[in-house]
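Report on one structure; see the data block that follows.
The values are calculated or read from the model by the stated rules, or taken from the named source; none is laboratory data. Here the structure is a predicted model, which is why all the values come from computation and not from measurement. Reconstructed Cβ throughout: ideal geometry from the backbone, glycine too, with neighbour counts over all protein chains shown.
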Amino acid sequence: KQEVTQIPAALSVPEGENLVLNCSFTDSAIYNLQWFRQDPGKGLTSLLLIQSSQREQTSGRLNASLDKSSGRSTLYIAASQPGDSATYLCAVRGGGGSNYKLTFGKGTLLTVNP
Amino acid sequence: GAGVSQSPRYKVAKRGQDVALRCDPISGHVSLFWYQQALGQGPEFLTYFQNEAQLDKSGLPSDRFFAERPEGSVSTLKIQRTQQEDSAVYLCASSYRTASDYNSPLHFGNGTRLTVT
């Protein structure tokens, strides 16, 4: 069974700081890994998708890396802003015998203080 | 509409009642997923539809849970004889391509928050 762990569970930083969120997964036989953002009472917004053959993806101030063999991914947020405050979820597709269902971590609750 | 629409946004049910949750996917999307997100947890897979066919229902917690998508567009998740442990946010997601297109992006709705008292 695929399991996804996210560290830390919560993070509070001052505005402008660079930060790293961590994600690990137990079965490296994945097709891709996604980072999502979830605002309170809202659904999930996809931030970055890294295919299994890729090492990283970038979008604006966000950079996600993938080390498939070691089962790890990081999400780097540069120059954080209060608007970045949200829960960040990591999800993998595949592994654990599943071809298409996403397996999510519990998320990291990020608070960026003005 | 432009995105995945779910209704109602909030539902309070007394233990033992039946509930029905609706999902309107993006028009033309082939794939439709239901996920359950308990408080403080990540979403967990419930079931998957490709058009009107339910190809995987392995995540449904019990036989009290039933999902359908009769015409390959709108889907309904029904929970019979609700229990307190059913309290969660139920998320619907759709995708333009079939689930075998592993890199096809999923579009999530805002979810239905179910509270069973």
So which of A:Ala86, A:Ala10 is closer than 21 Å to B:Gln37 by Cα and within 12 Å of chain B (Cβ to nearest Cβ)?
-> A:Ala10
If you check B:Thr82, B:Thr117, which single one turns out to be modelled with pLDDT of 95 or more, surrounded by fewer than 21 Cβ atoms within 10 Å (Cβ to Cβ) and in contact with a Lys or Arg (Cβ under 9 Å, 6 or more places away or on another chain)?
-> B:Thr117
Among the strands (runs of 3 or more DSSP E) contained in segment A:16-76, which hold 2 or more residues that are within 10 Å of chain B (Cβ to nearest Cβ)?
-> A:30-38, A:44-51
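Only one of these is touching a Lys or Arg at 6+ places or on another chain (Cβ under 6 Å) and closer than 26 Å to A:Pro40 by Cβ: B:Gly42, B:Gly3. Name it.
Sole residue among the options that is touching a Lys or Arg at 6+ places or on another chain (Cβ under 6 Å) and closer than 26 Å to A:Pro40 by Cβ: B:Gly42.
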Taking segment B:103-117 and the residues there that are more than 18 Å from the chain's Cα centre (by Cα) and among the hydroxyl-bearing types (Ser, Thr, Tyr), the one that is farthest from the other protein chains (Cβ to nearest Cβ) would be B:Thr117
With respect to A:Gly94, determine if the residue is surrounded by 17 or more Cβ atoms within 10 Å (Cβ to Cβ) and in contact (Cβ under 8 Å) with a residue 12 or more places away in the chain.
-> yes
If you go through B:Ser94, B:Ser100, the only one that is under 17 Å from A:Asn99 (Cα atoms), within 14 Å of chain A (Cβ to nearest Cβ), of a type in the set (Ser, Thr, Tyr) and touching a residue at least 60 places away in the same chain (Cβ under 8 Å) is B:Ser94
Looking at segment A:1-56, which of its residues are under 24 Å from B:Val4 (Cβ atoms), touching a Cys at 6+ places or on another chain (Cβ under 8 Å) and β-branched (Val, Ile, Thr)?
-> A:Val4
Single unsatisfied condition, B:Lys11 versus (1) within 13 Å of chain A (Cβ to nearest Cβ); (2) crowded, with 17+ Cβ neighbours inside 10 Å; (3) closer than 25 Å to A:Pro40 by Cβ; (4) among the charged types (D, E, K, R) = (1)
Does A:Ala91 satisfy the criteria of being within 12 Å of the chain's Cα centre (by Cα) and under 19 Å from B:Gln36 (Cα atoms)?
-> yes
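Results for (1) out of contact with any Asp or Glu (no Cβ under 6 Å at 6 or more places or on another chain); (2) surrounded by 15 or more Cβ atoms within 10 Å (Cβ to Cβ); (3) within 14 Å of another protein chain (Cβ to nearest Cβ), shown as yes or no for each residue.
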{"site": "B:Asp18", "(1), (2), (3)": "yes, no, no"}
{"site": "B:Cys23", "(1), (2), (3)": "yes, yes, yes"}
{"site": "B:Trp34", "(1), (2), (3)": "yes, yes, yes"}
{"site": "B:Gly42", "(1), (2), (3)": "yes, yes, yes"}
{"site": "B:Phe65", "(1), (2), (3)": "yes, yes, no"}
{"site": "B:Ser73", "(1), (2), (3)": "yes, yes, no"}
Among (1) surrounded by 22 or more Cβ atoms within 10 Å (Cβ to Cβ); (2) outside any strand (DSSP E or B), where does A:Leu89 come up short?
-> (2)
So which of A:Thr103, A:Thr111 ends up being under 24 Å from B:Leu39 (Cβ atoms), within 14 Å of chain B (Cβ to nearest Cβ) and assigned to a strand (DSSP E or B)?
-> A:Thr103
